[in-house]
Amino acid sequence: MSVSRRGFLGFSAAALAPFHQAANREAPEPGAPQPQPQPQASEVARDGNDSTLYLGTYGDGIGIATYDADGKITATGSIAGIPNASFVIRSGNFLYAVNEQDAGAVTAIDISGTPRLLNRQPNKGSGPCHLAKVGDHLLSANYGSGDIAVHPIAADGSLGQQTDLVKHEDSAPHAHQVVQAGEYVLAVDLGTDSIYTYTLADGKLALQHQAKVKTGAGPRHLVFHPSGKYAYVADELDSTVTICGYDAGVLTVLESIPVAEGENYPGEVVISADGRFVYVTNRGHNSVAVYSTDGPHLELVGIPNCGGDWPRHCVFDPTGRLLFVANQKSNNITTFLVDRTTGGLTRTADFSTPTPVCVNV
């Protein structure tokens, strides 16, 4: 059986039930809690005029596009030879992509000029679906095999052979996200209803803590409040958001609130750079839930239509003015103008592209 999540419901909610950014691009201070999921936080400071998008998808290659001040997207090319690059992160002049296949792998690409494939390394897991750059290592979360892989990154951006593979112990683990939080690494696992806290040293992960959310919730991604004291977890299987307190690697569940009515599977959760608004994509309800927050509480502001079908991923541009939403099943990316006073979203543009499942800005 394939572990690909391209249709998501290849693993049914019923079968699993028993068993992650802000606009801020600043690098974290050493040892300080990092308030954004690592795919964004790992990126070095970007030129404000750099309006390049890298589009992760199922199939062959990574799409390349640009966008203007109003969020209108224009295709400019692609990077071929990268299978099932369903999640992509950027670190300076390098891109890193998962290869979401039964025999999982991770790929490094040099984008300092004409994009150039550096190398690919097997990560000895199945269905890798998320990445984080932590210091000079690349970590990948394997959905199919339920483990976290570690690869060193060389000075030229290429990937070395794997140094660690840590499996989550349960009957059906499904690791879905890996996030840096200062000196800690957090791994969100949908199958075990858990968030694991690790430290990373010499290419090895050491478990420090395991936080459990409600059984059957299916935690998918989390995002930190800029204060570093709270985290918001998008729960894929019971259509909720779990609010957690956070301190020194330890998450404590505070409450869980519903996201949308009907059959719905939350996809991505992001937060504005000022920490005032949280956004959750809703696959099924086909919307983006907008919440205001004071840290420990969320209050629904609105739930506008996503402009497509199955909004899997979303990301802010570096200014925080624009929000890009990737609609997997309708093959389009919608751009929203963000009202940074009210948190409201106004759709401004639409871009057609095959099976968009990740937008890297």
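If one computes P(r) from the Cα atoms of the chain, what percent of pairs lie at distances over 32 Å?
Roughly 20 percent, rounded to a whole number.
What residues of region 298-316 lie in the reach of a label at residue 339, counting those whose backbone N is under 18 Å from a point 7 Å from the Cα along Cα→Cβ? Inside the label zone: 299-307. Ratio of Rg to Rh for region 247-347: 0.97 [Cα atoms; Kirkwood radius as inverse mean 1/r over pairs].
Element breakdown for the chain at a 1.4 angstrom probe: carbon and sulfur atoms account for 50% of the accessible area. With Rh defined as the Kirkwood radius, the inverse of the mean 1/r over Cα pairs, the Rg/Rh of region 80-239 is 0.97. Sorting the segments 227-239, 109-121, 157-169 by their residues' average number of neighbouring beta-carbon atoms within 10 angstrom, most packed first, yields 227-239, 157-169, 109-121. Along its first, second and third principal axes, ordered by size, region 93-186 spans 45, 31, 18 Å in Cα coordinates. Helix content alone sets the calculated 222 nm mean residue ellipticity of the chain: runs of n ≥ 4 DSSP H residues at -39500 (n - 2.57) each, divided across all residues, give -500 deg cm²/dmol. Put simply, when 217-225, 263-271, 346-354 are sorted by average Cβ atoms within 10 angstrom per residue, most first, you get 217-225, 263-271, 346-354. Other residues lying with their Cβ under 14 Å from the Cβ of residue 76 contribute a combined charge of -1, Lys and Arg counting +1, Asp and Glu -1.
Other residues whose C-beta falls under 14 angstrom from the C-beta of residue 352 contribute a net charge of 0, scoring Lys and Arg +1 and Asp and Glu -1. Each part reduced to its alpha carbon centroid, region 287-361 and region 69-108 end up 20 Å apart. Straight Cα distances below 20 angstrom link residue 229 to the lysines 212, with same-chain residues fewer than 8 positions distant left out. The Cβ shell under 13 Å around residue 200 holds other residues with a net charge of -2, Lys and Arg each +1, Asp and Glu each -1. Taken per residue, the accessible surface of the chain reaches 35 Å², heavy atoms only and a 1.4 Å probe.
Model label sites at residue 255 and residue 321, defined 7 Å from Cα along the beta-carbon direction, differ in position by 3.6 nm.
The values are calculated or read from the model by the stated rules, or taken from the named source; none is laboratory data. What you are looking at is a predicted structure, and each value in this text was computed from that prediction instead of being measured. Glycine also receives a Cβ, built like all others from the backbone with ideal geometry; neighbour counts cover every protein chain displayed. These area figures cover heavy atoms from the full protein model, side chains too; ligands, DNA and RNA do not enter into them. Shrake-Rupley method; radii C 1.70, N 1.55, O 1.52, S 1.80 Å.
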